[in-house]
Amino acid sequence: MLRRILTTSAALALSAGAASADYSLTVLHTNDFHARFEPISKYDSGCSSESNAEGKCFGGSARLVTAVEAARKRTNNSILVDGGDQFQGTLFYTYYKGKLAAEMMNKLGYDAMTVGNHEFDDGPEVLAGFMDAVDFPVLMSNADFSGEAALKDKLLKSTVIERGGEKLGLIGLTPHNTDELSSPGPNVIFTDPSEAVQGEVDKLTAMGVNKIIVLSHSGYETDKLVAANTTGVDIIVGGHTNTLLSNTNDRAEGPYPTVVGTTQILSAYAYGKFLGELNVTFNDEGVVTEAVGEPLIMDAAVVEDETTVARIAEAAVPLDEIRNKVVAEAAEMIDGSRENCRYKECQIGNLVADAMLDRVKDQGIQVALANGGGLRASIDAGEITQGEVLTVLPFQNTLATFQVDGATLKAALENGMGQFDDPEDDGRFPQIAGMKYVVESGNATGERVTEIMIDMGGTWEPLDMAKVYGVVSNNFVRSGGDGYKMFRDAMNVYDFGPDLADVTAEYLAANAPYKPYLDGRITIK
(Lines give C-alpha, C1' and ligand atoms only; values in the text may rest on other atoms or scores of the structure.)
Protein backbone atom coordinates (compact mmCIF):
# COMPACT_ATOMS: atom_id res chain seq x y z
CA MET A 1 0.00 0.00 0.00
CA LEU A 2 2.78 2.42 0.94
CA ARG A 3 4.65 1.70 -2.29
CA ARG A 4 1.45 2.37 -4.28
CA ILE A 5 0.97 5.73 -2.53
CA LEU A 6 4.57 6.77 -3.21
CA THR A 7 4.31 5.72 -6.84
CA THR A 8 1.08 7.65 -7.26
CA SER A 9 2.62 10.73 -5.65
CA ALA A 10 5.58 10.51 -7.96
CA ALA A 11 3.30 10.18 -10.96
CA LEU A 12 1.34 13.25 -9.88
CA ALA A 13 4.56 15.22 -9.52
CA LEU A 14 5.66 14.21 -12.99
CA SER A 15 2.28 14.99 -14.51
CA ALA A 16 2.45 18.45 -12.96
CA GLY A 17 5.33 19.14 -15.33
CA ALA A 18 8.82 17.85 -14.61
CA ALA A 19 10.24 20.48 -16.93
CA SER A 20 9.30 23.15 -14.40
CA ALA A 21 10.60 21.31 -11.33
CA ASP A 22 13.12 23.30 -9.32
CA TYR A 23 16.01 22.00 -7.24
CA SER A 24 17.11 23.91 -4.15
CA LEU A 25 20.51 23.58 -2.50
CA THR A 26 22.22 25.29 0.41
CA VAL A 27 25.97 25.75 -0.09
CA LEU A 28 27.77 26.07 3.25
CA HIS A 29 31.39 27.09 2.90
CA THR A 30 34.60 28.17 4.60
CA ASN A 31 38.01 29.23 3.32
CA ASP A 32 41.47 30.12 4.63
CA PHE A 33 40.85 28.57 8.05
CA HIS A 34 44.59 28.42 8.81
CA ALA A 35 44.43 26.14 11.83
CA ARG A 36 42.27 28.53 13.90
CA PHE A 37 40.71 25.71 15.91
CA GLU A 38 40.42 27.96 18.94
CA PRO A 39 38.50 31.26 19.00
CA ILE A 40 40.22 34.36 17.63
CA SER A 41 40.19 38.03 18.55
CA LYS A 42 38.91 40.86 16.38
CA TYR A 43 42.50 41.13 15.09
CA ASP A 44 42.44 37.47 13.94
CA SER A 45 45.04 36.45 16.54
CA GLY A 46 44.60 34.39 19.69
CA CYS A 47 41.77 35.18 22.08
CA SER A 48 42.04 34.34 25.77
CA SER A 49 39.53 32.16 27.58
CA GLU A 50 38.62 35.19 29.70
CA SER A 51 37.83 37.26 26.60
CA ASN A 52 35.89 34.36 25.14
CA ALA A 53 33.80 34.12 28.30
CA GLU A 54 33.13 37.87 27.99
CA GLY A 55 31.82 37.40 24.44
CA LYS A 56 34.73 39.15 22.73
CA CYS A 57 35.94 36.27 20.54
CA PHE A 58 34.99 34.85 17.17
CA GLY A 59 35.19 31.56 15.34
CA GLY A 60 36.84 28.37 16.46
CA SER A 61 35.87 24.82 15.51
CA ALA A 62 33.33 24.51 18.33
CA ARG A 63 31.25 27.41 16.99
CA LEU A 64 31.44 26.05 13.46
CA VAL A 65 30.08 22.68 14.64
CA THR A 66 27.05 24.40 16.14
CA ALA A 67 26.51 26.71 13.16
CA VAL A 68 26.80 23.97 10.55
CA GLU A 69 24.37 21.73 12.43
CA ALA A 70 21.84 24.57 12.66
CA ALA A 71 22.25 25.46 8.99
CA ARG A 72 21.66 21.88 7.90
CA LYS A 73 18.38 21.85 9.82
CA ARG A 74 17.19 24.86 7.82
CA THR A 75 17.31 23.04 4.48
CA ASN A 76 16.51 19.74 2.81
CA ASN A 77 19.65 19.68 0.67
CA SER A 78 23.02 21.07 1.70
CA ILE A 79 26.72 20.64 1.07
CA LEU A 80 29.67 21.84 3.13
CA VAL A 81 32.80 22.70 1.15
CA ASP A 82 36.10 24.48 1.74
CA GLY A 83 38.07 26.87 -0.47
CA GLY A 84 41.53 25.76 0.69
CA ASP A 85 44.27 26.74 3.16
CA GLN A 86 43.22 24.68 6.15
CA PHE A 87 46.95 24.26 6.83
CA GLN A 88 49.39 26.64 8.55
CA GLY A 89 48.87 29.57 10.85
CA THR A 90 49.08 28.43 14.49
CA LEU A 91 51.03 26.07 16.71
CA PHE A 92 48.32 23.48 16.12
CA TYR A 93 49.59 23.07 12.58
CA THR A 94 53.24 23.24 13.62
CA TYR A 95 52.67 20.37 16.05
CA TYR A 96 50.01 18.24 14.34
CA LYS A 97 50.51 19.14 10.67
CA GLY A 98 47.30 18.08 8.90
CA LYS A 99 46.07 15.56 11.47
CA LEU A 100 43.90 17.87 13.57
CA ALA A 101 42.51 19.59 10.48
CA ALA A 102 41.47 16.20 9.10
CA GLU A 103 39.82 15.25 12.39
CA MET A 104 37.83 18.48 12.66
CA MET A 105 36.80 18.50 8.99
CA ASN A 106 35.56 14.93 9.30
CA LYS A 107 33.62 15.89 12.43
CA LEU A 108 32.01 18.80 10.58
CA GLY A 109 31.13 16.53 7.68
CA TYR A 110 32.74 18.34 4.76
CA ASP A 111 31.82 17.09 1.30
CA ALA A 112 34.93 18.35 -0.51
CA MET A 113 37.74 20.89 -0.46
CA THR A 114 40.23 22.33 -2.89
CA VAL A 115 43.98 22.45 -2.37
CA GLY A 116 45.28 25.81 -1.16
CA ASN A 117 48.90 26.86 -1.61
CA HIS A 118 49.58 26.33 2.11
CA GLU A 119 48.54 22.70 1.81
CA PHE A 120 51.94 22.31 0.11
CA ASP A 121 53.98 24.05 2.82
CA ASP A 122 55.49 20.77 4.02
CA GLY A 123 55.59 19.16 0.60
CA PRO A 124 53.31 16.69 -1.18
CA GLU A 125 53.84 13.99 1.45
CA VAL A 126 52.08 15.86 4.26
CA LEU A 127 49.21 16.75 1.91
CA ALA A 128 48.97 13.06 0.94
CA GLY A 129 48.77 12.06 4.60
CA PHE A 130 45.95 14.55 5.12
CA MET A 131 44.07 13.09 2.14
CA ASP A 132 44.46 9.61 3.59
CA ALA A 133 42.82 10.81 6.80
CA VAL A 134 39.79 12.71 5.47
CA ASP A 135 36.43 11.24 4.49
CA PHE A 136 35.90 13.46 1.45
CA PRO A 137 37.59 14.20 -1.90
CA VAL A 138 40.37 16.80 -2.19
CA LEU A 139 40.45 18.51 -5.58
CA MET A 140 42.87 20.41 -7.84
CA SER A 141 42.25 20.73 -11.56
CA ASN A 142 44.91 23.17 -12.74
CA ALA A 143 48.01 21.06 -12.27
CA ASP A 144 49.69 18.02 -13.73
CA PHE A 145 50.54 15.90 -10.70
CA SER A 146 50.92 12.61 -12.57
CA GLY A 147 54.66 12.68 -11.90
CA GLU A 148 54.27 13.09 -8.14
CA ALA A 149 54.00 9.65 -6.56
CA ALA A 150 52.54 10.95 -3.31
CA LEU A 151 49.56 12.54 -5.08
CA LYS A 152 48.86 10.86 -8.40
CA ASP A 153 46.57 8.16 -7.01
CA LYS A 154 44.83 10.34 -4.39
CA LEU A 155 44.25 13.85 -5.67
CA LEU A 156 41.34 14.44 -8.07
CA LYS A 157 40.73 17.20 -10.58
CA SER A 158 36.95 16.97 -10.15
CA THR A 159 34.32 14.70 -8.68
CA VAL A 160 30.57 14.11 -8.68
CA ILE A 161 28.46 13.84 -5.54
CA GLU A 162 24.72 13.33 -5.16
CA ARG A 163 22.43 15.35 -2.97
CA GLY A 164 18.66 15.15 -2.95
CA GLY A 165 18.65 12.91 -6.01
CA GLU A 166 20.68 15.36 -8.11
CA LYS A 167 24.27 15.12 -9.30
CA LEU A 168 26.62 17.96 -8.40
CA GLY A 169 29.93 18.39 -10.17
CA LEU A 170 32.76 19.77 -8.02
CA ILE A 171 36.05 21.10 -9.45
CA GLY A 172 39.16 22.20 -7.54
CA LEU A 173 41.40 25.16 -8.33
CA THR A 174 44.63 26.36 -6.71
CA PRO A 175 46.90 29.41 -7.33
CA HIS A 176 48.70 29.18 -10.66
CA ASN A 177 51.88 30.39 -8.92
CA THR A 178 51.81 27.90 -6.05
CA ASP A 179 55.35 26.88 -6.99
CA GLU A 180 56.39 30.38 -5.88
CA LEU A 181 54.12 30.58 -2.86
CA SER A 182 54.79 27.19 -1.28
CA SER A 183 56.75 23.94 -1.63
CA PRO A 184 54.96 21.59 -4.03
CA GLY A 185 58.25 20.23 -5.35
CA PRO A 186 59.35 19.85 -8.97
CA ASN A 187 56.84 17.16 -9.95
CA VAL A 188 53.66 19.26 -9.73
CA ILE A 189 53.23 21.52 -12.77
CA PHE A 190 50.59 24.24 -12.44
CA THR A 191 48.49 25.36 -15.40
CA ASP A 192 46.06 28.07 -16.49
CA PRO A 193 42.98 28.13 -14.24
CA SER A 194 40.33 28.96 -16.85
CA GLU A 195 41.50 26.29 -19.29
CA ALA A 196 41.67 23.69 -16.51
CA VAL A 197 38.17 24.51 -15.25
CA GLN A 198 36.67 24.45 -18.74
CA GLY A 199 38.22 21.06 -19.40
CA GLU A 200 36.62 19.59 -16.30
CA VAL A 201 33.29 21.31 -16.99
CA ASP A 202 33.23 19.70 -20.41
CA LYS A 203 33.89 16.26 -18.92
CA LEU A 204 31.19 16.68 -16.29
CA THR A 205 28.68 17.99 -18.81
CA ALA A 206 29.34 14.99 -21.04
CA MET A 207 28.45 12.81 -18.03
CA GLY A 208 25.06 14.54 -17.78
CA VAL A 209 25.96 16.78 -14.84
CA ASN A 210 24.46 20.26 -15.21
CA LYS A 211 25.06 21.75 -11.76
CA ILE A 212 28.75 22.62 -11.40
CA ILE A 213 30.56 24.21 -8.47
CA VAL A 214 34.21 25.27 -8.53
CA LEU A 215 36.09 25.28 -5.22
CA SER A 216 38.73 27.90 -5.92
CA HIS A 217 41.76 28.93 -3.94
CA SER A 218 42.78 31.45 -6.58
CA GLY A 219 41.56 34.79 -5.21
CA TYR A 220 38.61 37.05 -5.91
CA GLU A 221 39.96 38.70 -9.07
CA THR A 222 40.97 35.37 -10.61
CA ASP A 223 37.58 33.91 -9.71
CA LYS A 224 35.89 36.72 -11.65
CA LEU A 225 38.16 36.06 -14.62
CA VAL A 226 37.44 32.32 -14.51
CA ALA A 227 33.71 33.07 -14.42
CA ALA A 228 34.04 35.36 -17.43
CA ASN A 229 36.30 33.03 -19.41
CA THR A 230 34.39 29.76 -18.95
CA THR A 231 30.93 28.39 -19.62
CA GLY A 232 28.91 26.00 -17.50
CA VAL A 233 30.15 27.07 -14.05
CA ASP A 234 27.24 27.83 -11.73
CA ILE A 235 29.01 28.67 -8.47
CA ILE A 236 32.58 29.50 -7.45
CA VAL A 237 33.40 29.08 -3.76
CA GLY A 238 36.45 31.27 -3.31
CA GLY A 239 39.52 31.57 -1.12
CA HIS A 240 43.16 32.75 -1.01
CA THR A 241 42.62 36.52 -0.77
CA ASN A 242 40.62 36.36 2.49
CA THR A 243 37.86 38.26 0.71
CA LEU A 244 34.67 39.08 2.56
CA LEU A 245 31.66 39.26 0.27
CA SER A 246 28.53 40.55 1.96
CA ASN A 247 25.37 42.56 1.43
CA THR A 248 25.36 43.93 4.99
CA ASN A 249 28.98 44.34 6.14
CA ASP A 250 30.55 47.71 5.30
CA ARG A 251 33.99 46.08 5.00
CA ALA A 252 32.90 43.77 2.22
CA GLU A 253 34.81 43.88 -1.07
CA GLY A 254 31.74 42.99 -3.09
CA PRO A 255 28.20 41.61 -2.91
CA TYR A 256 27.31 38.08 -1.83
CA PRO A 257 27.07 36.46 -4.22
CA THR A 258 29.09 38.43 -6.77
CA VAL A 259 27.56 37.60 -10.14
CA VAL A 260 29.65 37.41 -13.32
CA GLY A 261 27.55 36.31 -16.26
CA THR A 262 25.53 33.47 -14.79
CA THR A 263 28.16 32.44 -12.21
CA GLN A 264 27.67 33.08 -8.48
CA ILE A 265 30.97 33.87 -6.69
CA LEU A 266 31.22 33.36 -2.92
CA SER A 267 33.87 34.05 -0.29
CA ALA A 268 33.63 34.14 3.52
CA TYR A 269 36.75 36.03 4.68
CA ALA A 270 39.02 33.68 6.67
CA TYR A 271 40.00 32.03 9.98
CA GLY A 272 36.54 30.59 10.64
CA LYS A 273 35.16 34.02 11.50
CA PHE A 274 32.27 33.44 9.10
CA LEU A 275 30.32 30.48 7.74
CA GLY A 276 29.12 31.19 4.22
CA GLU A 277 25.52 30.20 3.46
CA LEU A 278 24.10 30.47 -0.06
CA ASN A 279 20.60 29.24 -0.87
CA VAL A 280 20.46 28.55 -4.58
CA THR A 281 17.69 27.30 -6.85
CA PHE A 282 18.30 25.55 -10.18
CA ASN A 283 15.78 24.80 -12.92
CA ASP A 284 15.72 21.49 -14.80
CA GLU A 285 18.41 22.66 -17.21
CA GLY A 286 20.74 23.37 -14.30
CA VAL A 287 20.42 27.14 -14.66
CA VAL A 288 20.52 29.19 -11.45
CA THR A 289 17.20 30.99 -11.08
CA GLU A 290 17.73 32.36 -7.58
CA ALA A 291 20.75 32.76 -5.29
CA VAL A 292 20.49 34.49 -1.93
CA GLY A 293 22.50 34.31 1.25
CA GLU A 294 25.09 35.90 3.50
CA PRO A 295 28.19 34.88 5.44
CA LEU A 296 27.14 34.24 9.04
CA ILE A 297 29.36 35.81 11.70
CA MET A 298 30.68 33.29 14.22
CA ASP A 299 30.46 35.56 17.25
CA ALA A 300 29.44 34.96 20.85
CA ALA A 301 25.82 34.47 19.81
CA VAL A 302 26.86 31.11 18.36
CA VAL A 303 27.12 28.71 21.29
CA GLU A 304 30.22 26.53 21.26
CA ASP A 305 29.74 22.77 21.01
CA GLU A 306 30.97 21.46 24.36
CA THR A 307 32.41 18.20 23.02
CA THR A 308 34.49 20.09 20.46
CA VAL A 309 35.66 22.60 23.06
CA ALA A 310 36.92 19.71 25.17
CA ARG A 311 38.67 18.04 22.22
CA ILE A 312 40.46 21.23 21.17
CA ALA A 313 41.51 21.86 24.78
CA GLU A 314 42.93 18.33 24.89
CA ALA A 315 44.81 18.92 21.63
CA ALA A 316 46.19 22.20 23.01
CA VAL A 317 47.84 20.64 26.07
CA PRO A 318 51.20 19.89 24.38
CA LEU A 319 51.28 23.44 23.02
CA ASP A 320 50.42 25.40 26.12
CA GLU A 321 53.88 25.52 27.69
CA ILE A 322 55.31 27.00 24.51
CA ARG A 323 52.62 29.45 23.57
CA ASN A 324 51.73 30.73 27.03
CA LYS A 325 55.28 31.83 27.80
CA VAL A 326 55.29 35.62 28.14
CA VAL A 327 58.21 37.00 26.13
CA ALA A 328 57.60 40.75 26.09
CA GLU A 329 55.05 43.53 26.40
CA ALA A 330 53.47 45.83 23.82
CA ALA A 331 52.68 49.43 24.77
CA GLU A 332 49.77 49.31 22.32
CA MET A 333 48.35 47.07 19.63
CA ILE A 334 50.86 46.25 16.86
CA ASP A 335 49.03 46.31 13.54
CA GLY A 336 49.69 43.39 11.22
CA SER A 337 46.50 43.51 9.19
CA ARG A 338 46.56 42.06 5.72
CA GLU A 339 45.18 45.22 4.12
CA ASN A 340 48.17 47.18 5.40
CA CYS A 341 51.13 44.78 5.42
CA ARG A 342 50.55 43.62 1.84
CA TYR A 343 50.16 47.11 0.39
CA LYS A 344 52.21 49.65 2.37
CA GLU A 345 54.45 50.18 5.38
CA CYS A 346 52.92 48.52 8.43
CA GLN A 347 53.80 48.25 12.11
CA ILE A 348 54.40 44.49 12.19
CA GLY A 349 56.48 44.84 9.03
CA ASN A 350 58.71 47.43 10.68
CA LEU A 351 59.00 45.28 13.80
CA VAL A 352 60.02 42.11 11.94
CA ALA A 353 62.37 43.86 9.50
CA ASP A 354 63.99 45.81 12.35
CA ALA A 355 64.42 42.61 14.35
CA MET A 356 66.06 40.80 11.43
CA LEU A 357 68.47 43.64 10.73
CA ASP A 358 69.30 44.12 14.40
CA ARG A 359 70.31 40.45 14.69
CA VAL A 360 72.84 40.53 11.80
CA LYS A 361 73.86 44.19 11.39
CA ASP A 362 77.37 43.39 12.68
CA GLN A 363 77.81 40.84 9.87
CA GLY A 364 78.09 43.36 7.04
CA ILE A 365 74.36 43.46 6.41
CA GLN A 366 72.74 46.77 5.48
CA VAL A 367 69.22 45.87 4.41
CA ALA A 368 66.36 43.67 5.68
CA LEU A 369 63.46 42.54 3.50
CA ALA A 370 60.36 40.67 4.73
CA ASN A 371 57.54 39.54 2.44
CA GLY A 372 54.21 41.00 3.57
CA GLY A 373 52.48 37.67 3.01
CA GLY A 374 54.64 36.10 5.70
CA LEU A 375 53.13 38.37 8.37
CA ARG A 376 49.92 36.72 9.47
CA ALA A 377 48.34 38.64 12.39
CA SER A 378 48.40 41.64 14.69
CA ILE A 379 49.53 41.56 18.34
CA ASP A 380 47.30 42.91 21.10
CA ALA A 381 48.46 45.50 23.62
CA GLY A 382 49.84 44.19 26.92
CA GLU A 383 51.69 40.96 27.54
CA ILE A 384 53.05 39.26 24.42
CA THR A 385 53.25 35.48 24.48
CA GLN A 386 55.39 33.23 22.33
CA GLY A 387 52.13 31.88 20.91
CA GLU A 388 51.18 35.35 19.64
CA VAL A 389 54.56 35.77 17.96
CA LEU A 390 54.17 32.36 16.34
CA THR A 391 50.73 33.33 15.06
CA VAL A 392 52.32 36.33 13.33
CA LEU A 393 55.23 34.21 12.03
CA PRO A 394 54.01 30.60 11.82
CA PHE A 395 56.11 29.28 8.94
CA GLN A 396 59.26 28.25 10.83
CA ASN A 397 61.35 30.32 8.43
CA THR A 398 64.98 30.94 9.28
CA LEU A 399 67.06 34.06 8.80
CA ALA A 400 68.91 34.04 5.48
CA THR A 401 71.84 36.37 4.79
CA PHE A 402 73.36 36.98 1.36
CA GLN A 403 74.86 39.59 -0.94
CA VAL A 404 73.46 41.09 -4.14
CA ASP A 405 74.27 44.15 -6.22
CA GLY A 406 72.08 47.23 -6.30
CA ALA A 407 70.48 46.25 -9.61
CA THR A 408 69.30 42.95 -8.10
CA LEU A 409 67.98 44.74 -5.03
CA LYS A 410 66.05 47.12 -7.29
CA ALA A 411 64.64 44.14 -9.24
CA ALA A 412 63.55 42.56 -5.95
CA LEU A 413 61.67 45.68 -4.90
CA GLU A 414 59.99 45.86 -8.30
CA ASN A 415 58.93 42.22 -7.91
CA GLY A 416 57.32 43.23 -4.64
CA MET A 417 55.02 45.57 -6.53
CA GLY A 418 53.26 42.63 -8.23
CA GLN A 419 49.94 43.70 -6.70
CA PHE A 420 49.69 46.51 -9.24
CA ASP A 421 49.67 43.96 -12.09
CA ASP A 422 47.86 41.09 -10.38
CA PRO A 423 46.03 41.64 -7.08
CA GLU A 424 46.65 38.00 -6.16
CA ASP A 425 50.41 38.72 -5.93
CA ASP A 426 50.09 40.99 -2.90
CA GLY A 427 51.94 38.61 -0.58
CA ARG A 428 55.28 39.66 -2.06
CA PHE A 429 55.09 43.30 -0.93
CA PRO A 430 58.48 44.14 0.70
CA GLN A 431 58.53 45.38 4.28
CA ILE A 432 62.03 46.68 4.87
CA ALA A 433 64.64 48.06 7.28
CA GLY A 434 67.88 49.89 6.56
CA MET A 435 66.31 51.25 3.40
CA LYS A 436 63.78 53.80 2.16
CA TYR A 437 61.91 53.82 -1.12
CA VAL A 438 59.09 55.54 -2.98
CA VAL A 439 56.45 53.70 -5.03
CA GLU A 440 55.08 55.49 -8.09
CA SER A 441 52.04 53.25 -8.40
CA GLY A 442 50.99 54.69 -11.75
CA ASN A 443 54.27 53.81 -13.46
CA ALA A 444 54.81 50.82 -15.72
CA THR A 445 55.86 47.41 -14.44
CA GLY A 446 59.53 47.45 -13.48
CA GLU A 447 59.60 51.23 -13.11
CA ARG A 448 57.55 51.79 -9.97
CA VAL A 449 60.20 51.88 -7.23
CA THR A 450 62.15 55.13 -7.08
CA GLU A 451 64.29 57.18 -4.68
CA ILE A 452 65.83 54.09 -3.09
CA MET A 453 68.09 55.07 -0.21
CA ILE A 454 70.34 52.76 1.84
CA ASP A 455 71.51 53.42 5.40
CA MET A 456 75.28 53.02 5.20
CA GLY A 457 76.46 53.23 8.79
CA GLY A 458 74.20 56.14 9.70
CA THR A 459 74.43 57.97 6.37
CA TRP A 460 71.63 57.67 3.82
CA GLU A 461 73.04 57.06 0.35
CA PRO A 462 71.26 56.53 -3.00
CA LEU A 463 71.21 52.93 -4.20
CA ASP A 464 74.24 52.19 -6.38
CA MET A 465 73.29 49.65 -9.06
CA ALA A 466 76.83 48.25 -9.20
CA LYS A 467 77.57 48.21 -5.48
CA VAL A 468 77.26 44.96 -3.50
CA TYR A 469 74.98 45.08 -0.45
CA GLY A 470 74.41 42.69 2.41
CA VAL A 471 70.77 41.59 2.77
CA VAL A 472 68.86 39.62 5.38
CA SER A 473 65.51 38.02 4.61
CA ASN A 474 63.93 34.65 5.36
CA ASN A 475 64.91 31.39 3.69
CA PHE A 476 61.62 31.23 1.76
CA VAL A 477 62.23 34.56 0.04
CA ARG A 478 65.94 33.92 -0.47
CA SER A 479 65.17 30.67 -2.28
CA GLY A 480 62.83 32.43 -4.71
CA GLY A 481 59.48 32.35 -2.89
CA ASP A 482 56.86 35.00 -3.69
CA GLY A 483 58.59 35.66 -7.00
CA TYR A 484 61.97 36.67 -5.55
CA LYS A 485 63.81 34.45 -8.03
CA MET A 486 66.56 37.04 -8.44
CA PHE A 487 67.84 36.05 -4.97
CA ARG A 488 68.49 32.44 -5.97
CA ASP A 489 71.84 33.40 -7.50
CA ALA A 490 72.96 35.61 -4.62
CA MET A 491 76.50 35.54 -3.28
CA ASN A 492 77.73 34.35 0.14
CA VAL A 493 74.41 32.75 0.98
CA TYR A 494 73.62 31.38 4.42
CA ASP A 495 70.03 30.16 4.77
CA PHE A 496 70.24 28.49 8.17
CA GLY A 497 70.09 31.31 10.70
CA PRO A 498 67.85 31.30 13.76
CA ASP A 499 64.07 30.94 13.51
CA LEU A 500 62.47 34.25 12.52
CA ALA A 501 59.85 33.98 15.27
CA ASP A 502 62.57 33.52 17.91
CA VAL A 503 64.51 36.50 16.55
CA THR A 504 61.39 38.65 16.70
CA ALA A 505 60.49 37.50 20.22
CA GLU A 506 64.00 38.29 21.47
CA TYR A 507 63.91 41.73 19.83
CA LEU A 508 60.57 42.46 21.47
CA ALA A 509 61.95 41.39 24.84
CA ALA A 510 65.01 43.62 24.44
CA ASN A 511 62.78 46.59 23.58
CA ALA A 512 59.91 46.03 26.00
CA PRO A 513 57.50 47.62 26.39
CA TYR A 514 57.59 47.73 22.60
CA LYS A 515 55.95 50.78 21.04
CA PRO A 516 54.83 50.18 17.43
CA TYR A 517 55.52 52.90 14.89
CA LEU A 518 55.59 54.01 11.27
CA ASP A 519 58.43 56.25 10.09
CA GLY A 520 57.75 56.80 6.41
CA ARG A 521 60.37 54.34 5.14
CA ILE A 522 57.94 53.37 2.36
CA THR A 523 56.04 56.10 0.50
CA ILE A 524 53.20 55.19 -1.86
CA LYS A 525 52.26 57.76 -4.49
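For this structure, a couple of remarks:
- Residue pairs meeting the criteria (Cβ under 8 Å; at least 6 apart or on separate chains; first touching a residue at least 60 places away in the same chain (Cβ under 8 Å), in the stretch 242-270; second open to solvent by 30 Å² or more (accessible area, probe 1.4 Å)): 242/269; 242/338
- Residues located in the stretch 462-508, provided they are assigned to a loop (DSSP other than H, G, I, E, B) and at positive phi: 480
- Filtering the stretch 301-321 to residues that are aliphatic (A, V, I, L, M), open to solvent by 50 Å² or more (accessible area, probe 1.4 Å) and touching a residue at least 12 places away in the same chain (Cβ under 8 Å) leaves 303, 309.
- From 505, 466, 433, 411, residue being modelled with pLDDT of 95 or more, of a type in the set (Gly, Ala, Ser), under 29 Å from the mean Cα position of the chain (by Cα) and open to solvent by 20 Å² or more (accessible area, probe 1.4 Å): 411
For every residue, the table says whether it meets (1) within 30 Å of residue 80 (Cβ to Cβ); (2) out of contact with any strand residue (DSSP E or B) (no Cβ under 7 Å at 6 or more places or on another chain); (3) surrounded by fewer than 20 Cβ atoms within 10 Å (Cβ to Cβ); (4) modelled with pLDDT under 85.
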position: 2; (1), (2), (3), (4): no, yes, yes, yes
position: 20; (1), (2), (3), (4): yes, yes, yes, yes
position: 40; (1), (2), (3), (4): yes, no, no, no
position: 57; (1), (2), (3), (4): yes, no, no, no
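- Flag if residue 237 is surrounded by 17 or more Cβ atoms within 10 Å (Cβ to Cβ) and either in contact with a Lys or Arg (Cβ under 7 Å, 6 or more places away or on another chain) or more than 22 Å from residue 114 (Cα to Cα) (or both): no
- Where residue 200 falls short, out of the listed (1) open to solvent by 10 Å² or more (accessible area, probe 1.4 Å); (2) in a helix (DSSP H, G or I); (3) under 30 Å from residue 415 (Cα atoms): (3)
- Pairs where the first residue, in the stretch 178-189, is of a type in the set (Val, Ile, Thr) and the second is open to solvent by less than 70 Å² (accessible area, probe 1.4 Å), C-beta under 6 Å, 6+ apart: 178/117; 178/184; 178/190; 188/143; 188/145; 188/148
- Flag: residue 244 does not match the condition of being closer than 26 Å to residue 339 by Cα, crowded, with 24+ Cβ neighbours inside 10 Å and of a type in the set (A, V, I, L, M).
- All of 386, 419, 403, 347 fail the test of being open to solvent by 10 Å² or more (accessible area, probe 1.4 Å), over 15 Å from residue 477 (Cα atoms), modelled with pLDDT of 95 or more and of a type outside the set (Val, Ile, Thr), apart from 347.
- Scan of the stretch 152-184 for residues that are modelled with pLDDT of 95 or more, touching a helix residue (DSSP H, G or I) at 6+ places or on another chain (Cβ under 8 Å) and surrounded by fewer than 24 Cβ atoms within 10 Å (Cβ to Cβ), ordered by number: 154, 155, 157, 160
- Test for residue 73: is it at pLDDT 95 or above and either over 27 Å from residue 103 (Cβ atoms) or open to solvent by 90 Å² or more (accessible area, probe 1.4 Å) (or both): yes
- All of 309, 288, 292 fail the test of being of a type in the set (Val, Ile, Thr) and either more than 30 Å from residue 175 (Cβ to Cβ) or in contact with a helix residue (DSSP H, G or I) (Cβ under 7 Å, 6 or more places away or on another chain) (or both), apart from 309.
- Here residue 92 passes the criteria (1) of a type outside the set (Val, Ile, Thr); (2) in contact with a Phe, Trp or Tyr (Cβ under 7 Å, 6 or more places away or on another chain); (3) outside any helix (DSSP H, G or I) except the one numbered (3).
- One residue stands out among those in the stretch 479-499 that are among the acidic types (Asp, Glu) and either closer than 14 Å to residue 397 by Cα or surrounded by 17 or more Cβ atoms within 10 Å (Cβ to Cβ) (or both): the one that is farthest from the chain's Cα centre (by Cα), which is 495.
- Against the list (1) touching a helix residue (DSSP H, G or I) at 6+ places or on another chain (Cβ under 6 Å); (2) under 30 Å from residue 175 (Cα atoms); (3) open to solvent by 30 Å² or more (accessible area, probe 1.4 Å); (4) not β-branched (Val, Ile, Thr), the condition residue 275 fails is (3).
- Of the set (1) in contact (Cβ under 8 Å) with a residue 40 or more places away in the chain; (2) farther than 26 Å from residue 390 by Cβ; (3) surrounded by 12 or more Cβ atoms within 10 Å (Cβ to Cβ), all apply to residue 476 but (2).
- Criterion: on the phi > 0 side of the Ramachandran plot, at pLDDT below 95 and part of a loop (DSSP other than H, G, I, E, B) - qualifying residue of 442, 520, 446: 446
The values are calculated or read from the model by the stated rules, or taken from the named source; none is laboratory data. Quick caveat, the model's predicted, so the values are computed rather than measured. Positions of Cβ are generated from backbone atoms using ideal geometry, with glycine treated the same way; all protein chains shown enter the neighbour counts. The area values use the complete protein model at the heavy-atom level, side chains included, leaving out ligands, DNA and RNA. Shrake-Rupley method; radii C 1.70, N 1.55, O 1.52, S 1.80 Å.
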